[in-house]
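The values are calculated or read from the model by the stated rules, or taken from the named source; none is laboratory data. In this text, all values refer to a predicted model and were calculated from it rather than measured experimentally. Glycine also receives a Cβ, built like all others from the backbone with ideal geometry; neighbour counts cover every protein chain displayed.
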Amino acid sequence: MTGIKHLLYHDVRNLSGGEFQRLLMARAISKNPNFMVLDEPVQGVDYPGEIALYKTIQDIVRNIKCGILLISHNLHVVMSQTDHVICLNGHVCCSGAPKSIIREPEYIKLFGKDIDPTLALYQHKHDHEHLPDGSIDHTH
């Protein structure tokens with residue numbers, strides 16, 4: 001699931017940042033957890049590797065139904081890929097769904113009211129519905 005089978009006999013000390021992060025995820029999911037905490041999982045990983053790791057995290061959530069607590073400074077990822085956000089700045093500034101967070105006074109105070117759209121809430125409309133089993137219903 002993490003795409004590192006080819007690294008089975010490699011020395012851990014010679015792995016790239018992304019390969020090492022994938023190794024840690026593989027180790028964690030081997031226990032079939034209900035919940036994982038990922039603290040800055042893309043730190044030290046190049047941009048293409050970041051994208052691949054975030055897709056792997058999405059696959060983990062979808063395939064093993066594992067909840068994820070992702071700690072990140074990458075606001076654009078947090079706001080576009082999560083169900084619930086907790087914004088911390090020495091204390092809990094605000095928490096809730098990304099759509100509601102962007103209207104919170106504490107959030108606006110931290111990031112401004114005219115935040116660049118690339119770092120704000122990513123929105124898109126679906127012409128389908130994702131069903132609990134992972135299949136897609138195009139009738140909606």
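Anything in region 7-37 that is among the aliphatic types (A, V, I, L, M) and within 25 Å of Ile86 (Cα to Cα)? List them, or say none.
Leu24, Met25, Ala28, Ile29, Met36, Val37
Are there any strands (runs of 3 or more DSSP E) wholly within region 15-107 with 3 or more residues that are among the polar types (S, T, N, Q) and free of Cβ contacts under 8 Å to residues at least 60 places away in the same chain, and if so which?
By residue number, no strands (runs of 3 or more DSSP E) qualify.
Residues are listed down the side, and each one gets a yes or a no for (1) surrounded by 13 or more Cβ atoms within 10 Å (Cβ to Cβ); (2) among the small types (Gly, Ala, Ser); (3) in contact with a Leu (Cβ under 8 Å, 6 or more places away or on another chain):
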site: Leu7; (1), (2), (3): yes, no, yes
site: Asp39; (1), (2), (3): no, no, no
site: Glu50; (1), (2), (3): yes, no, no
site: Val78; (1), (2), (3): yes, no, yes
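Quick check: anything in region 60-73 out of contact with any helix residue (DSSP H, G or I) (no Cβ under 6 Å at 6 or more places or on another chain), at pLDDT 85 or above and polar (S, T, N, Q)?
Checked region 60-73: at least one residue is out of contact with any helix residue (DSSP H, G or I) (no Cβ under 6 Å at 6 or more places or on another chain), at pLDDT 85 or above and polar (S, T, N, Q).
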